[in-house]
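See structure below.
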Amino acid sequence: MKIIKELTYLGVVSPNWLRDIRIFELFHSLPSDLCVYCKYEVIADREGISSERVKHIVLKLGR
């Protein structure tokens, strides 16, 4: 993780890329009995972004 932080500081790795990966991992770690749109809302509230943006990130990284 230290190397990734250093690469982010140097501008090699985008902080948005790291956020997107964190969102994707969080989405898949939430309980499976929670509906998909509820997961989007939970993550959106936590990250301070819209649920549509969360949906876009999850679908993009899920390809």
Checklist entry - Limited to the stretch 2-17, what total is found for residues that are open to solvent by 100 Å² or more (accessible area, probe 1.4 Å) and part of a helix (DSSP H, G or I)? => result 6
Checklist entry - Hey, does the stretch 18-40 have a residue that's crowded, with 16+ Cβ neighbours inside 10 Å, assigned to a helix (DSSP H, G or I), among the charged types (D, E, K, R) and in contact (Cβ under 8 Å) with a residue 40 or more places away in the chain? => result yes
Item to check | All positions within the stretch 41-55 that are over 10 Å from the mean Cα position of the chain (by Cα) and part of a helix (DSSP H, G or I) | outcome: E41, V42, D45, R46, S51, E52
Next on the checklist: Any residue that is closer than 13 Å to K55 by Cβ and either in contact with a Phe, Trp or Tyr (Cβ under 9 Å, 6 or more places away or on another chain) or among the basic types (K, R) (or both) - is there at least one of those in the stretch 10-33?
Outcome noted: yes
Checklist entry - Residues in the stretch 52-62: is at least one β-branched (V, I, T) and open to solvent by 50 Å² or more (accessible area, probe 1.4 Å)? => result no
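The values are calculated or read from the model by the stated rules, or taken from the named source; none is laboratory data. Predicted, not measured: the structure shown is a model, and the values here were computed from it. Note that each Cβ is placed from the backbone with ideal geometry, even for glycine, and that neighbours are counted across all protein chains shown. Heavy atoms of the whole protein, side chains included, go into the accessibility calculation; ligands, DNA and RNA do not. Shrake-Rupley method; radii C 1.70, N 1.55, O 1.52, S 1.80 Å.
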